[in-house]
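Structure first, then comments.
The values are calculated or read from the model by the stated rules, or taken from the named source; none is laboratory data. Given the structure is predicted, the values throughout are model-derived calculations rather than measurements. Neighbour counts are summed over all protein chains in view; Cβ atoms, including those assigned to glycine, are modelled from backbone coordinates with ideal geometry.
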Ligand code: NAD
């Protein structure tokens with residue numbers, strides 16, 4: 001294998017972590033080589049995750065809003081779904097964005113290598129292209145950003161025909177009449193909502209007593225009111241599966257009973273695991289911890305001075321925006337920027353269902369567990385003019401505020417466009433803002449953002465549009 005010149009910085013994986021690191025490093029004057037199996041940057045997020053699912057969730061929301069409008073005097077016919085056209089539109093969105101990233105990469109003179117990288121030494125790796133051809137290269141520094149992949153279940157082996165993973169579901173090859181989603185977490189709820197809106201009868205089997213374990217329970221209650229799914233089985237696991245010509249016969253074991261149900265297909269969405277296998281980490285002399293993650297310091301440096309790691313492989317939460325932030329920090333550290341460190345107070349989480357569920361910082365459950373001196377204020381959207389005008393009466397905004405210092409410690413919102421509201425709460429927490437900073441900031445009327453201002457007003461006893469009875 002012929003060795004080429006030493007690369008200054010190699011980044012393995014071009015997802016939101018890897019490409020954000022690559023672009024920022026190049027902007028800071030570093031010569032970057034970016035390696036990924038896809039033809040353009042984007043990773044799971046753009047090709048098989050966040051972006052295609054959001055394109056489809058947009059359609060789901062459009063349908064739900066059109067159907068809801070009939071209550072207010074604007075009646076639409078039940079929509080006809082052209083599944084091929086929907087799939088082609090989603091592909092166009094993915095292509096436009098990934099090609100755009102390709103152009104941004106070229107514009108920054110980043111060397112983009114299509115293939116899979118594996119370490120062969122402390123400063124060397126080999127790249128295998130899609131045809132199986134390998135070539136070697138040596139490097140000064142590396143950022144590992146290889147992301148994560150779906151966890152499987154032994155009793156539900158993915159066959160991509162009747163037992164699907166999220167990638168199969170996003171391909172939209174067919175519209176099953178009846179589908180079981182195993183796992184009521186982010187992916188289960190988002191993709192379950194898409195198929196339900198497209199006309200599939202969706203059932204969910206979730207192992208724990210509720211959707212989204214770990215999320216704020218008030219938010220989950222708001223989502224449950226939307227009754228998005230045909231059947232929901234909590235505290236239930238799939239015990240046995242029989243694949244027949246017609247579909248899948250599943251035996252569901254709940255706390256009290258076991259029942260047998262038939263579906264056309266099953267979507268497995270029970271979590272993700274970091275991609276640290278097949279990376280040749282042994283050649284570096286580093287290994288993943290018990291949970292499979294690579295341990296890094298606040299500079300995103302592994303125990304080796306010249307090897308960095310970012311994104312899903314460094315630990316929970318496995319979120320694209322956390323990966324991008326880590327990527328930019330690692331790039332700054334490598335460029336020698338003083339004080340660059342990964343030190344966020346909060347990482348906002350968002351589930352793009354209808355209603356959207358978002359939260360950041362301290363949760364009410366943590367307040368109870370840690371016995372914190374915190375006041376929880378909740379502003380119901382039935383008291384917001386804008387929410388009522390768009391038929392979103394069940395929404396909720398809540399803030400968790402330190403009783404003594406009045407500093408905002410956490411926040412959660414459920415409702416339409418809640419995802420656009422959470423950055424204000426995240427910024428407030430990052431800046432150490434108090435409830436009065438929020439209550440004294442003039443928020444435009446009539447907007448859903450006022451629910452944040454009025455939640456803060458509640459801390460002091462009363463909000464303009466809401467009085468607790
Ligand atoms: P998840 O951890 O969000 O949810 C998995 C769910 O499956 C949990 O509720 C868990 O209790 C349940 N479960 C586990 N084993 C089970 C079993 N045997 N039977 C029934 N239920 C079982 O995982 P996910 O939905 O696969 O998503 C993976 C990760 O991808 C998320 O943690 C998140 O970080 C990321 N993601 C984020 C977004 C977003 O930001 N909007 C969207 C999709 C995915």
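Overview of results
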{"quantity": "Set 145, 117: member being farther than 30 Å from residue 60 by Cα, surrounded by 14 or more Cβ atoms within 10 Å (Cβ to Cβ), within 16 Å of the ligand (Cβ to nearest atom) and in the same structural domain as residue 41 (by the TED database)", "calculated": "145"}
{"quantity": "Entirely in the stretch 223-313, the strands (runs of 3 or more DSSP E) that have 1 or more residues that are surrounded by fewer than 13 Cβ atoms within 10 Å (Cβ to Cβ)", "calculated": "237-243, 258-263"}
{"quantity": "Among the candidates 155, 190, 206, 126, residue that is over 25 Å from the mean Cα position of the chain (by Cα), outside the structural domain of residue 364 (by the TED database) and near the ligand (Cβ under 10 Å from one of its atoms)", "calculated": "155"}
{"quantity": "Residue count, the stretch 296-334 (criterion: touching a helix residue (DSSP H, G or I) at 6+ places or on another chain (Cβ under 7 Å) and closer than 20 Å to residue 48 by Cα)", "calculated": "7"}
{"quantity": "Residue tally, condition in contact with a strand residue (DSSP E or B) (Cβ under 6 Å, 6 or more places away or on another chain) and under 13 Å from residue 272 (Cβ atoms), over the stretch 300-316", "calculated": "2"}
{"quantity": "Subset of the stretch 174-187 (residues that are part of a loop (DSSP other than H, G, I, E, B) and either within 8 Å of the ligand (Cβ to nearest atom) or outside the structural domain of residue 265 (by the TED database) (or both))", "calculated": "183, 184, 185"}
{"quantity": "Breaking point among (1) closer than 30 Å to residue 281 by Cα; (2) surrounded by fewer than 21 Cβ atoms within 10 Å (Cβ to Cβ); (3) within 10 Å of the ligand (Cβ to nearest atom), for residue 166", "calculated": "(2)"}
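Residue-by-condition table, conditions (1) farther than 15 Å from residue 377 by Cβ; (2) surrounded by fewer than 22 Cβ atoms within 10 Å (Cβ to Cβ):
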site	(1), (2)
397	no, no
427	yes, yes
439	no, yes
446	yes, yes
460	no, yes
467	no, yes
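Per-residue answers, yes or no, for (1) modelled with pLDDT under 95; (2) away from the ligand (no atom under 13 Å from the Cβ):
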{"position": "216", "(1), (2)": "yes, yes"}
{"position": "234", "(1), (2)": "no, no"}
{"position": "252", "(1), (2)": "no, no"}
{"position": "268", "(1), (2)": "no, no"}
{"position": "272", "(1), (2)": "no, no"}
{"position": "281", "(1), (2)": "no, yes"}
{"position": "301", "(1), (2)": "no, yes"}
{"position": "312", "(1), (2)": "no, no"}
{"position": "315", "(1), (2)": "no, no"}
